[in-house]
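The values are calculated or read from the model by the stated rules, or taken from the named source; none is laboratory data. Keep in mind it's a predicted model, so treat the numbers as computed, not measured. All Cβ positions, glycine included, derive from the backbone under ideal geometry; neighbour counts span all protein chains shown.
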Protein chains: 4
Amino acid sequence: MEPGATAAQIGTVILTIQKFGGTPHTLHNDNRTVIAGIGLSEAIEPGMFTKMVGVERVSGIHQPYKLASREIKTESTVINVEGAAIGGETVIIIAGPCSVESRQQLLETAWAVKEAGAKILRGGAFKPRTSPYSFQGLGLKGLELLAEAREATGLPVITEAMTPEMVPLVAEYADILQIGARNMQNYGLLHAVGRIQKPVMLKRGMMSDVQELLMAAEYILSGGNYQVMLCERGIRTFNKMTRNTFDLAVIPLLKQLTHLPVIADPSHATGRWDLIAPMSRAAIAAGADGLMVEVHPRPEEALSDGPQSLKPERFARMMTSLQQVAQAVGRSL
Amino acid sequence: MEPGATAAQIGTVILTIQKFGGTPHTLHNDNRTVIAGIGLSEAIEPGMFTKMVGVERVSGIHQPYKLASREIKTESTVINVEGAAIGGETVIIIAGPCSVESRQQLLETAWAVKEAGAKILRGGAFKPRTSPYSFQGLGLKGLELLAEAREATGLPVITEAMTPEMVPLVAEYADILQIGARNMQNYGLLHAVGRIQKPVMLKRGMMSDVQELLMAAEYILSGGNYQVMLCERGIRTFNKMTRNTFDLAVIPLLKQLTHLPVIADPSHATGRWDLIAPMSRAAIAAGADGLMVEVHPRPEEALSDGPQSLKPERFARMMTSLQQVAQAVGRSL
Amino acid sequence: MEPGATAAQIGTVILTIQKFGGTPHTLHNDNRTVIAGIGLSEAIEPGMFTKMVGVERVSGIHQPYKLASREIKTESTVINVEGAAIGGETVIIIAGPCSVESRQQLLETAWAVKEAGAKILRGGAFKPRTSPYSFQGLGLKGLELLAEAREATGLPVITEAMTPEMVPLVAEYADILQIGARNMQNYGLLHAVGRIQKPVMLKRGMMSDVQELLMAAEYILSGGNYQVMLCERGIRTFNKMTRNTFDLAVIPLLKQLTHLPVIADPSHATGRWDLIAPMSRAAIAAGADGLMVEVHPRPEEALSDGPQSLKPERFARMMTSLQQVAQAVGRSL
Amino acid sequence: MEPGATAAQIGTVILTIQKFGGTPHTLHNDNRTVIAGIGLSEAIEPGMFTKMVGVERVSGIHQPYKLASREIKTESTVINVEGAAIGGETVIIIAGPCSVESRQQLLETAWAVKEAGAKILRGGAFKPRTSPYSFQGLGLKGLELLAEAREATGLPVITEAMTPEMVPLVAEYADILQIGARNMQNYGLLHAVGRIQKPVMLKRGMMSDVQELLMAAEYILSGGNYQVMLCERGIRTFNKMTRNTFDLAVIPLLKQLTHLPVIADPSHATGRWDLIAPMSRAAIAAGADGLMVEVHPRPEEALSDGPQSLKPERFARMMTSLQQVAQAVGRSL
């Protein structure tokens, strides 16, 4: 639409899209309202829209992911979470334990990562585990502890939702909902988070390519939830010296293809605490909008992912060096 | 338990396992009842059970998958579905269209594959698709058509369930529930099919190793549903000349490690109709207990997976050659 | 050329190709002589050849591999090695130890595999080893022992050449030269075996796709050595339960794309002796023209590849079952 | 040996190692001479050496790569090439065209990259190509042009040697010999470059793990050539949006395991010029000692690798940003 398009003009376009069987999605880009008509038959004459008052330009989207594409929205999306602007100039650090294990463990970690400069607290309440006999997370109790840690420290929290029916409950407690790598193509779950109005972090599956990741994001966006951020967390390859292979080149690639923020998770990507600092620096240098890092006060006692968790002191030391790399690429921490 | 153990003797062992915090699972093996005490503390003295009347032997299970392991059940599991004994001497052929598209398409295919010797009809009603804008299946209508095809032809049917809440509905219509490759580690869904009493076919994820597949099966078994069959359908590798890489060596490997039946899916593994026949022969020669093959009367019009679908005539011709290979390895079709 | 083309007619075409800067290669197909003019400028008018006497038809080759393609030679190539016709109706079994270790070990194995039905003896004299400090093979002594085993048993032998300068020496002793997987794109070596007139077995690199394999074969063929057979020996993937992933679907795929014989190596593909028999059956069912299998009288004492070597008794038992599968697919052993 | 060990004391240790069948290698570390006795029987009593005069300490090396290991040499190796100290505080940039194509192309590029701050000129004279019919490099003429460019600009040059017999010739012209990814396990070639006294850059194979890379380096080191640098250039995975997958986590991993310098090659790793700048920044942030980047004045006319070549202007712009990242991690350019 033209910069000064009125509500009535916008409404007319929306109604017309609906009339012809399409689903209208309204996005903001470059001081303009952009209206995507998803599902409109290709038989429809674009000229029909061109001549409407207030319409600046009509164009098709060539990528199979429509709402996620830079074609429809050239401006980068910034997601605001309690003061943290994800996708903006500042590189946002998300940190915390893999699993919420106890009040003390969570609060101790929360205060430590906040002091070191983290902006968001992570912690798993429901844990997807390979074995049915492993620790499966504290569940509701974990969510309550996360809420308590938020109250105490002021840090917004991110935690994972694993099934569609779990989404409303998790959304009550969390500031950001995480979709885990194993669930990237769990379409029921994607539909469920597409119907809420809370930010979602979608982790790339360990076997998924860039297009599949963007199509999975499209499931959420097309449900009407436009606050989606993507997360590269390593892919599975023949190389077993690291837990996964950190596919950092997808970061600048995603920044070309989509307007959505891109986070990197060096903890799952490498699986080794001693590689977290250099790979965090590398991820920021590659253009990541944020990092998600596992921190645990006593990694050797962690109920999950101990070998890839940083101690708070190491995390704090690393933050200083990240600050320098962020500045070298024109950003701050 | 000893071969002639009484109900009271079995009951005593079960109650004792529960008393010490374990979950008892009762399996049948070699004319004996085997009772697995999952989750019993390792501190418990095995001698406690050894001296009980009717107990033949007490032993630990070393594999992380317990109920799926050949250690606990050396006898192969045979799953009976309306006359088809999956895991027995006969190699069971499952065939049908990728998606249920219409009454005519389904019935035409069902009669054709039945005549050619298939024992079970496949057909997707709910389809997991990479794009939210692709055909997602006929849904409930598809389930009804499958039921109609079963009535007409007498073939039992297998179809996919994609979310936990969908399980009871699908279980009402289908004889076997399929868990798709993308959902192999969708734990909510595995829990849901673990609570029903219908056979489940669990497809290997495209980047899952053998242990992860068996651990996923363990989620279902530990829920109390022991009718689980596994399916190799190709893994994702650098080789893109075929849709996936058919990892046939896992078939004899799985047969060593687990008592569960193993099916092979040459259609998804290769993605090319012209490789289905040789790779079906190879899968039977490698020891598969069954095959699942996509057949469509007019592949060029298929709404999904056309390039990997066989026409009914080719399917029938292939069946003759499969019969010969089955006999060469001491089985029938 | 037409079926009855004369030497003079053929010679004229050859000279014309050379005159215009091309390299002529003369192949036999379907009772005809086929002359490939490799490197002819695309600017050359095909009509120039069409009107020559004795020319039946002129056509381009679309595949990047020219001489290896089924386009130029629809008839399967059969390579005769001392009575073994590789690529014909009989599935040829090549067997023997990974490394030649001693006269006794080699002769004992050679007699055993011969008795069980193997047609060719394998044995490494020069071994490519990951570590410079591992056993590197007996070298010349190994070649002499292979020659002695051939004299004794009448079995032709295959052994590996690792460097260009080693080729003439190995060609003196061996009936077939093997190019190992690590050397599939060692172009100096490919050039060297392209200049001899002995059959060559080219193993697929563990990271190579089908087109790269055929292009590597093209290096040998374009050097003037047309006796090339290909060997699938497993690719490297994330799956580590087997040494490599046996990519059997490339066997029927290669049979479509090329006229060259295709051998399968279940020993390197799986790395586990207990999977050799089922995967050998699968390879024959998939259409392999031959198998190469490691056999060692005392695998636990082998200087290399013990865990994947069959004992002679097991090998003999396996051969019986291979015979049945070969018959099931219309071949013999 | 002790810091002030005399030549006679060192000589005695060397002779003793030889007397017992070992190969002595003399390295310098931390103001000490370290003598590695490779191939000494494990039966030899370490005490024999401990009591020799001038010996400070005797210890075993646990890694299978001995001379490449940080265990034997804790100090990082610095390789000096005409003023460029590779492995030191400065990150060394190697740049130039994929192939040497003409005098003008090479000199134009050489001056441009020198001006932008590159320290070493790259350019292929012998090119390993997938197809025997593709441009194979200018050969000797290419080497002469490289020598001319070195004379003109003062930049030392690196170029690839592909066969053992080619090594002396290439060593005459080049300052650093490159072993390509396809040849990482070409043991004849590794032996050949192990016998010269020129620096060697060993590129990681596209499906080689870290240990295989270090064992390949060990082939060169154990030949007596200690000037080896390693190069990460991407591995082959299922992800085809980039030419390879840039496995940056091996950079800090290699820096832990070995004292050899580690270079990164973003051009081959990504295959896309538009990803070179961010991935070069990432590689430096991850700890690379240098980069190798393809630059071509007219990429659209390049005879090889055009799509991944930077134009000189872009290269110069990138260098400014690399300088900033290098400083952020405590290094210079």
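Looking at (1) more than 11 Å from chain A (Cβ to nearest Cβ); (2) under 23 Å from residue D:81 (Cβ atoms); (3) crowded, with 24+ Cβ neighbours inside 10 Å; (4) under 21 Å from the mean Cα position of the chain (by Cα), which one does residue D:332 not meet, given that it meets all the others?
(3)
Considering only residues that are at the interface with chain A (Cβ under 9 Å from one of its Cβ atoms) and in a loop (DSSP other than H, G, I, E, B), which ones fall in region B:210-230?
B:223
Assess whether residue A:1 counts as being touching a Ser or Thr at 6+ places or on another chain (Cβ under 8 Å), closer than 27 Å to residue A:260 by Cα and aliphatic (A, V, I, L, M).
For residue A:1, the condition - touching a Ser or Thr at 6+ places or on another chain (Cβ under 8 Å), closer than 27 Å to residue A:260 by Cα and aliphatic (A, V, I, L, M) - is met.
Taking region D:255-264 on its own, how many of its residues are over 15 Å from residue D:200 (Cβ atoms) and surrounded by 24 or more Cβ atoms within 10 Å (Cβ to Cβ)?
Total satisfying the criteria: 1.
Any residue that is surrounded by fewer than 24 Cβ atoms within 10 Å (Cβ to Cβ), in contact with a strand residue (DSSP E or B) (Cβ under 9 Å, 6 or more places away or on another chain), in a helix (DSSP H, G or I) and in contact (Cβ under 8 Å) with a residue 60 or more places away in the chain - is there at least one of those in region A:311-321?
yes
Quick test for you: out of C:201, C:184, C:162, pick the one residue that is of a type in the set (A, V, I, L, M, F, W, C), touching a Gly at 6+ places or on another chain (Cβ under 7 Å) and farther than 20 Å from residue D:136 by Cβ.
Answer to the selection: C:162.
Those residues that are assigned to a loop (DSSP other than H, G, I, E, B), out of contact with any Cys (no Cβ under 8 Å at 6 or more places or on another chain) and closer than 22 Å to residue C:212 by Cα, I need them from region C:244-275; list them, please.
C:244, C:246, C:247, C:248, C:249, C:259, C:260, C:261, listed by residue number.
Might you let me know whether region D:182-189 holds any residue that is assigned by TED's automatic domain parsing to the domain that holds residue D:246, under 14 Å from the mean Cα position of the chain (by Cα) and closer than 15 Å to residue C:133 by Cβ?
No - not one qualifying residue is present in region D:182-189.
Restricting attention to region B:41-58, does a residue exist that is within 21 Å of residue B:225 (Cβ to Cβ) and surrounded by 12 or more Cβ atoms within 10 Å (Cβ to Cβ)?
No, region B:41-58 has no match at all.
Taking region C:2-20 on its own, how many of its residues are part of a helix (DSSP H, G or I) and under 18 Å from residue D:133 (Cα atoms)?
Summing the residues that are part of a helix (DSSP H, G or I) and under 18 Å from residue D:133 (Cα atoms) in region C:2-20 gives 2.
Please verify whether residue D:174 is within 22 Å of residue D:97 (Cβ to Cβ), within 14 Å of chain C (Cβ to nearest Cβ) and small (Gly, Ala, Ser), treating the condition exactly as stated.
No.
Is at least one residue of region C:21-35 assigned by TED's automatic domain parsing to the domain that holds residue C:313 and part of a loop (DSSP other than H, G, I, E, B)?
Within region C:21-35 (the criterion being assigned by TED's automatic domain parsing to the domain that holds residue C:313 and part of a loop (DSSP other than H, G, I, E, B)), the answer is no, since none of the residues qualifies.
Scan region C:38-46 and give yes if some residue there is within 26 Å of the chain's Cα centre (by Cα) and of a type outside the set (S, T, N, Q), otherwise no.
yes
Where residues in region C:8-29 are small (Gly, Ala, Ser) and within 31 Å of the chain's Cα centre (by Cα), which of them is modelled with the highest pLDDT?
If we take residues in region C:8-29 being small (Gly, Ala, Ser) and within 31 Å of the chain's Cα centre (by Cα), then C:11 is modelled with the highest pLDDT.
Which count do you get for residues in region B:151-187 that are crowded, with 23+ Cβ neighbours inside 10 Å, in contact with a helix residue (DSSP H, G or I) (Cβ under 8 Å, 6 or more places away or on another chain) and small (Gly, Ala, Ser)?
Counting residues in region B:151-187 that are crowded, with 23+ Cβ neighbours inside 10 Å, in contact with a helix residue (DSSP H, G or I) (Cβ under 8 Å, 6 or more places away or on another chain) and small (Gly, Ala, Ser) gives 3.
Got a number for residues in region B:189-205 being crowded, with 23+ Cβ neighbours inside 10 Å and either facing chain A (nearest Cβ under 9 Å) or of a type in the set (Gly, Ala, Ser) (or both)?
Matching residues across region B:189-205 total 4.
Do we find a residue being more than 16 Å from residue B:258 (Cα to Cα), buried (at least 16 other Cβ atoms within 10 Å of the Cβ) and either modelled with pLDDT under 95 or among the small types (Gly, Ala, Ser) (or both) anywhere in region B:60-67?
no
Given the criteria at positive phi and more than 14 Å from every other protein chain (Cβ to nearest Cβ), does residue B:137 qualify?
For residue B:137, the condition - at positive phi and more than 14 Å from every other protein chain (Cβ to nearest Cβ) - is not met.
In this structure, is residue A:132 assigned by TED's automatic domain parsing to the domain that holds residue A:201 and closer than 30 Å to residue B:221 by Cβ?
yes
Quick grid of which residues meet (1) among the small types (Gly, Ala, Ser); (2) touching a residue at least 60 places away in the same chain (Cβ under 8 Å); (3) assigned by TED's automatic domain parsing to the domain that holds residue C:282:
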| site | (1), (2), (3) |
| --- | --- |
| C:207 | no, no, yes |
| C:215 | no, yes, yes |
| C:222 | yes, yes, yes |
| C:227 | no, yes, yes |
| C:251 | no, no, yes |
| C:254 | no, no, yes |
| C:259 | no, yes, yes |
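Is at least one residue of region B:89-112 within 14 Å of chain A (Cβ to nearest Cβ) and not hydrophobic (A, V, I, L, M, F, W, C)?
no
Looking only at residues that are more than 12 Å from chain A (Cβ to nearest Cβ) and part of a helix (DSSP H, G or I) in region D:276-307, which one is modelled with the lowest pLDDT?
Checking each candidate, the answer is D:306.
Looking at region D:261-275 only, could you name the residues that are facing chain A (nearest Cβ under 9 Å) and within 20 Å of residue D:128 (Cβ to Cβ)?
Within region D:261-275, D:266, D:269, D:270 qualify.
Looking only at region D:231-251, count how many residues are more than 13 Å from residue D:181 (Cα to Cα), buried (at least 24 other Cβ atoms within 10 Å of the Cβ) and more than 10 Å from chain C (Cβ to nearest Cβ).
7
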